[in-house]
Amino acid sequence: MVMEIVCPAGTPAALRAAVKAGAHTVYCGFADETNARNFPGLNFSREEMREGVAFAHGHGAKVLVAINTFPRAGGEALWHRAVADAEQAGADAVILADLGLLANTARQHPGLRCHLSVQAAAANADMINFYGRELGVKRVVLPRVLSVPEIAAINAETEVETEVFVFGGLCVMAEGRCAMSSWATGKSPNMNGVCSPASHVEYHDQGGVLDARLGGYTIHRVGAGESAPYPTLCKGVFRAGDAEGHLFEDAVSLNAEHLIPQLKKAGVTALKIEGRQRSRAYVAQVVRNFRAAVDALEAGQPMPEGMLARLSEGQATTTGAYKKTWR
Amino acid sequence: MTNASTLIPRIPRALSLALRPLPLAPLSFALTGYVRKSAARHPSLIRRLGEHDRTHFVLDPTDLPFVICLDPGAGSPRVRVTRRPGTGAARIAGPLAALIGLVHGAYDGDALFFSRDLMIEGDTAAALALRNAVDDAELDLADDIARMTGPFAAILHSALAFAERRTGVSLSRPEEAGAW
């Protein structure tokens with residue numbers, strides 16, 4: 001069976017681009033704090049979601065709606081409404097992270113397929129089986145902390161489908177629990193759907209030297225001609241004693257295209273591409289690349305050469321935790 | 001040190017200098033008309049700006065001798081072409097080919113930012129909203145301009161396609177024909 005390519009769409013145009021480029025499945029979210037990419041100018045109104053689902057279904061593709069932030073106390077109704085509206089729009093599944101929201105969805109929308117978001121950080125078979133058994137979760141998006149053998153070990157002990165990230169921005173290895181953006185700006189991906197919100201980001205270019213500030217803190221400085229990273233604290237440069245450098249993460253993107261055969265062998269069902277904040281140009285190019293890769297794998301042909309470095313943060317890529325060379 | 005920049009075509013300096021005497025008032029008038037028609041045809045353009053629909057933007061084609069000041073006017077947009085630096089809360093700067101390529105979805109904004117071909121200053125949230133709104137609108141400058149020229153549309157289309165091939169600048173929306 002061909003591995004499923006799960007593609008991001010921040011706008012209806014990106015959804016159409018993904019479907020036309022060969023995406024099996026597209027994930028997207030509503031234009032509010034219920035999804036973890038709540039950025040200015042992005043996301044879908046209810047009407048756009050209905051149209052997007054109809055377009056995808058008309059071309060044989062599926063749509064998953066990400067409602068993957070953690071509901072605020074007293075504000076749960078916004079998240080409940082999002083789940084109901086996703087079902088009404090004809091979504092093939094919702095991607096949820098919060099236990100309470102999962103329980104509510106299982107009770108109120110028994111026919112709606114639920115996937116577990118990476119934000120839930122389910123990283124072992126016991127936890128995944130709990131979500132599957134108690135809350136009816138059909139698929140889990142694995143956090144980016146696992147090596148390929150660890151993924152194989154999980155799949156050997158669960159019937160729940162697994163989906164793994166293969167391309168795009170990397171996140172610190174405590175997904176759903178990161179407080180760095182919140183510390184610097186008061187807003188977080190977990191609660192507000194924004195990591196390093198653009199409203200708190202400033203760039204200053206002086207003679208080609210680019211300073212990026214987040215919440216008033218200068219978090220990195222790159223020289224003329226050097227590539228620029230995202231303005232997130234995890235990619236920031238810190239000074240300790242005489243040493244200066246990236247403390248949490250280097251400014252690189254994940255690219256696991258060459259690991260697709262091993263991931264298939266490890267029992268992975270779906271390959272996820274990060275980047276709902278990216279353009280339709282990115283979506284189309286990355287989707288074409290990965291669709292060609294899984295089709296080649298299925299046909300027993302050699303994997304095509306990737307051409308995605310230019311689209312990567314820092315213009316450099318890594319296989320991340322899938323190959324834990326630092327251990 | 002790495003050289004991050006991609007191979008974005010630049011307007012030759014000689015041509016840029018030759019454009020200096022261009023009268024800016026008629027250009028502003030024409031661009032205002034075009035942007036108003038586009039906003040009417042793509043209502044989501046202004047809607048996606050949200051709280052930034054009155055923010056003044058400076059679009060700075062760094063290889064041209066002028067900047068484009070855009071006021072979305074909450075749905076009644078106005079464009080003023082002026083000499084540098086121009087005034088606005090958010091500035092998006094890069095070679096003309098990069099800015100037009102963004103409009104047409106030929107380039108990815110983040111990739112241009114990583115490669116330092118695109119620079120954002122001032123209100124980052126507003127700049128991001130504008131970029132995302134334009135990306136969703138699927139604009140096609142060649143098509144739109146040709147449509148406005150009535151009987152000369154076919155000739156203009158051919159001329160723009162020729163210019164696109166010669167310069168490498170994305171003057172129209174790339175085909176999105178699927179690979180499958």
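The values are calculated or read from the model by the stated rules, or taken from the named source; none is laboratory data. What you see is a predicted model; the values in this text were computed from it and never measured. With ideal geometry, Cβ positions are generated from the backbone for all residues, glycine too; neighbour counts draw on all protein chains shown. Keep in mind that these areas ignore ligands, DNA and RNA; they rest on the heavy atoms of the full protein, side chains included. Shrake-Rupley method; radii C 1.70, N 1.55, O 1.52, S 1.80 Å.
Remarks
- Burial ranking of peptide ranges B:8-14, A:2-8 (average Cβ count within 10 Å, highest at the top): A:2-8, B:8-14
- Chains A and B together bury roughly 3500 Å² of accessible area, counting both sides, with a 1.4 Å probe on protein heavy atoms only.
- Within straight-line cross-link reach of A:LYS20, lysines at Cα separation under 20 Å, skipping those fewer than 8 residues along the same chain: A:LYS62, A:LYS272
- Cβ-defined net charge surrounding B:TYR34, 11 Å radius [Lys, Arg +1; Asp, Glu -1]: +3
- Those aspartates and glutamates that a straight Cα-Cα span of less than 18 Å connects to B:LYS37, excepting residues fewer than 8 apart in one chain: B:ASP53, B:ASP71, B:ASP135, B:ASP136, B:GLU138, B:ASP140, B:ASP143, B:ASP144
- Here region A:71-102 is scanned for amide nitrogen atoms under 14 Å from the site 7 Å beyond the Cα of A:ALA54 along Cα-to-Cβ, giving A:89-91.
- Projected onto planes of every orientation and averaged, the convex hull of the alpha-carbon atoms in region A:180-246 covers 4.9 nm².
- Using a cutoff of 8 angstrom between alpha carbon atoms and counting only pairs six or more residues apart, the relative contact order for region A:4-119 works out to 22 percent.
- Once the mean of 1/r is taken over each pair of separate Cα atoms and inverted, region A:40-89 shows a Kirkwood hydrodynamic radius of 12.0 Å.
- Radius of gyration, Dmax [chain B; alpha carbons; angstrom]: 16.1, 53
- Springs between Cα atoms under 10 Å define the GNM used for chain A, and in it the highest mean-square fluctuation of A:GLY275, A:GLY132, A:GLY111 occurs at A:GLY111.
- 16 Å cut-off, amide nitrogen to a point 7 angstrom out along B:LEU17 Cα→Cβ, residues in region B:47-66: B:63-66
- Distant alpha-carbon pairs in the protein assembly as shown (separation over 44 angstrom), percent: 14
- Highest mean packing comes first when the peptides A:33-46, A:87-100 are listed by Cβ atoms within 10 Å, giving A:33-46, A:87-100.
- Where labels lie 7 Å past Cα in the beta-carbon direction, separation of B:ILE155 and A:ALA224 in nm: 4.5
- Just so you know, the Cα atoms of region B:57-151 work out to an Rg and Dmax of 13.4, 43 Å.
- With protein chains left intact and a 1.4 Å probe, residues in the protein assembly as shown average 43 Å² of accessible area per residue.
- What a 1.4 Å probe finds exposed on the protein assembly as shown is 56% carbon and sulfur by accessible area, rounded to a whole percent.
- For region A:77-128, taking Cα atoms only, Rg and Dmax work out to 11.2, 33 Å respectively.
- At R0 = 35 Å, FRET efficiency that the Cβ-Cβ distance of A:GLU47 and A:ALA153 yields, to 0.05: 0.20
- Paramagnetic reach from B:ARG173 (point 7 Å along Cα→Cβ, amide N under 16 Å) across region B:31-56: B:35, B:37-46
- When the square roots of the Cα gyration tensor eigenvalues are ordered a ≥ b ≥ c, the ratio a/c for region A:1-148 is 1.5 or more and a/b does not exceed b/c, which makes its shape oblate.
- Whole-Hz couplings from phi, Karplus 6.51/-1.76/1.60, listed for region A:113-129; x for Gly and Pro: 6, 10, 10, 8, 5, 4, 4, 7, 6, 7, 10, 8, 5, 4, 5, 5, 5
- FRET efficiency estimate (nearest 0.05) - Cβ-Cβ, B:ARG83 to A:VAL145, R0 60 angstrom: 0.70
- Solvent-accessible area lost in complex, 30 Å² minimum, residues of region B:108-127 relative to chain alone, 1.4 Å: B:ASP108, B:ASP110, B:ALA111, B:PHE113, B:PHE114, B:ARG116, B:MET119, B:GLU121, B:THR124, B:ALA125
- By the helix-only formula, in which each DSSP H run with n ≥ 4 contributes -39500 (n - 2.57) and the sum is divided by residues, the protein assembly as shown has a 222 nm mean residue ellipticity of -10500 deg cm²/dmol.
- Distance between the modelled labels on A:MET127 and A:ALA240, one decimal in nanometres: 2.4 nm (7 Å Cα→Cβ projection).
- Considering only B:HIS104, B:HIS52, B:HIS157, the Gaussian network model of chain B with Cα springs below 10 Å gives its largest mean-square fluctuation to B:HIS157.
- Cα-derived Rg over Rh, computed across region A:85-196 with Rh taken as Kirkwood radius: 0.98
- Mean separation of Cα contacts under 8 Å, 6 or more apart, over the residue count of chain B: relative contact order %: 22
- Within region A:284-299, the residues that become at least 40 Å² less accessible when every protein chain is included than when their own chain is isolated (1.4 Å probe; DNA, RNA and ligands ignored) are A:ARG288.
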